[in-house]
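Report on the following structure.
The values are calculated or read from the model by the stated rules, or taken from the named source; none is laboratory data. Remember, it's a predicted structure, so these values are computed and weren't measured experimentally. Ideal geometry is used to build each Cβ from the backbone, glycine not excepted, and the neighbour counts take in all protein chains shown. Only protein heavy atoms, including side chains, enter the accessible area calculation; ligands, DNA and RNA are left aside. Shrake-Rupley method; radii C 1.70, N 1.55, O 1.52, S 1.80 Å.
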Amino acid sequence: MFTFSNREARTDSNDGKQPEKSSLTDEVCTFAGETTLHGIRYVGNRSICAARRYIWCILVFIALAFLVIILKESVVNYRSYPVATKISIAHYDEIAFPAVTFCNYNQLRQSQVSDEELKYIRAFFSGNYANFSNINHWNLTELYLRASHSINDLLTKCTWMSLEDCGPDNFTTDIIDFGVCYTFKTTRNVSHAGVSSSLFLQININDTDHTGHEQGIKGIKMMIHPADELPLVKSFGFSVSPGFHTEIALKGVQTKSLPDPYSSKCTGKELQYTGTYTKALCIEECRFDYVVAKCGCKLTNMIGDVPECTVLQTINCGDAAYNRFVSDRNVSCDCPVACDQLTYEPRTSSTLWPDPATIQSFEINDGYTKDYVRENILQVSISFEDLDMTVVELVPSYSVNQLLSELGGNMGLICGMSLITIVELLDFVFVAILQRLIKTKEFRPTKTHTISK
């Protein structure tokens, strides 16, 4: 009986013997002696004593473990997306003049309402009881526009850029959060700072013709804002008193934030009713949705394309819902900061006005007494402090380049590694696995056949 293989045995070309297999240990030792990873060559060097090799093995593993911890901290730090605040000054040869909105605390004129209307208006603002069902048919928007002060009566003098006269035609009248307000807008840029390029307004609040003041205040409330932005005068405006000349020096501030995943999570989305996005306007739209959800209508001074509340709806639901919005913990508004927002910081200063000569001029030309002028007329001058813009910008404080630099620095410092070292290791693992797969295929057990004689 004899056997034969279906594969011819391979023999060495020199002596006919099969080549010796190199063990994985031999290959690891060879790699350890050739790699650029510091210290590992002593682990694989068989010519040195075992104790020394064990010590070097422990040191290498400690260094690698420490490196892994450091690298993990670097990655975690990067994944937290930290930011830094960068403040710079942008210089301009000319700058756009902002919109100027003012509202009279004396919203409604007594001379423009009937005795019945006056009774209910005073009861409404004072919180006294009245049978408001009798006036539920009133159109509050029509009442506001009819009884409010006309810009022609309020604006007694207007000068633009020191020389050019302006007037009521340069103002728009709108009902906003404060009530009936008036806005000056211009498309012209300002090329000089200071009062020579200012907007000068002389305003008569006409306080002798009133139905009552909000919070008992006399004067105007003013807000300076970008021309394409709806002003929220009630929330963010500042007051100007009669009997004073007030100078307002403006400083433009541009704030730039970062979108998600950074902590600011800014947005530049369009708002439903106001267009230009700001966080304050977004919250105002959220308040609008809240009032509509509670009452099924909107208040007269609210934005939005929804039917206006009747008098009873306003008294019984609208006003309460409007004020409850800020304290209702169940309200959730998705209103992050704007990615790019322009604001104007006003620096105000006031001085007593007018002097005796000016009072005498008012008495001669307009018939106004000293007391009337001091209690009803005010002057405002609005100009830029300078043509520089303060830019406040959030920037990533830990970029990809910084991450790679830190990873490479720690790898080199602790273990003498680089990206090429990692490539060497991957190359060694890949080749070792590939060689074993090939050898396994070449030297797998062969089939044999037995033939009996």
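Every residue in the stretch 318-342 that is open to solvent by less than 90 Å² (accessible area, probe 1.4 Å), free of Cβ contacts under 8 Å to residues at least 24 places away in the same chain and in a helix (DSSP H, G or I), please. Correct list: D319, A320. Taking the criterion of being more than 29 Å from L437 (Cα to Cα), of a type in the set (A, V, I, L, M, F, W, C) and not in a helix (DSSP H, G or I), the residues of the stretch 24-68 that qualify are I48, C49. Scanning the stretch 16-63 for residues that are among the hydroxyl-bearing types (S, T, Y), surrounded by 11 or more Cβ atoms within 10 Å (Cβ to Cβ) and modelled with pLDDT of 75 or more gives T30, T35, Y42, Y54.
Comparison of L394, L425, L387, L378 shows that the only residue that is in a helix (DSSP H, G or I) and either modelled with pLDDT under 95 or buried (at least 16 other Cβ atoms within 10 Å of the Cβ) (or both) is L425. The C-beta contact set for the stretch 247-261 (first residue free of Cβ contacts under 8 Å to residues at least 60 places away in the same chain and of a type outside the set (K, R), second residue surrounded by 15 or more Cβ atoms within 10 Å (Cβ to Cβ) and in a strand (DSSP E or B), distance under 9 angstrom, 6+ apart or interchain) comprises D260/T267.
In the set N134, N152, which member is within 20 Å of L378 (Cα to Cα), without any contact (Cβ under 8 Å) to a residue 24 or more places away in the chain and either in contact with a helix residue (DSSP H, G or I) (Cβ under 9 Å, 6 or more places away or on another chain) or assigned to a loop (DSSP other than H, G, I, E, B) (or both)?
Step by step, each of N134, N152 is checked, and only N152 is within 20 Å of L378 (Cα to Cα), without any contact (Cβ under 8 Å) to a residue 24 or more places away in the chain and either in contact with a helix residue (DSSP H, G or I) (Cβ under 9 Å, 6 or more places away or on another chain) or assigned to a loop (DSSP other than H, G, I, E, B) (or both).
T314 meets each of the listed conditions (1) without any contact (Cβ under 8 Å) to a residue 24 or more places away in the chain; (2) among the β-branched types (V, I, T); (3) part of a helix (DSSP H, G or I) apart from (1). When you check S350 against the structure, is it part of a strand (DSSP E or B) and surrounded by fewer than 18 Cβ atoms within 10 Å (Cβ to Cβ), yes or no? So S350 passes the test.
Identify, please: which residue in the stretch 281-297 is farther than 23 Å from G268 by Cα and open to solvent by less than 20 Å² (accessible area, probe 1.4 Å) and is, among those, nearest to the chain's Cα centre (by Cα)? Out of the qualifying residues, it is V291. When the residues of the stretch 98-131 are filtered to those that are open to solvent by less than 10 Å² (accessible area, probe 1.4 Å) and assigned to a loop (DSSP other than H, G, I, E, B), the one that is modelled with the lowest pLDDT is N106.
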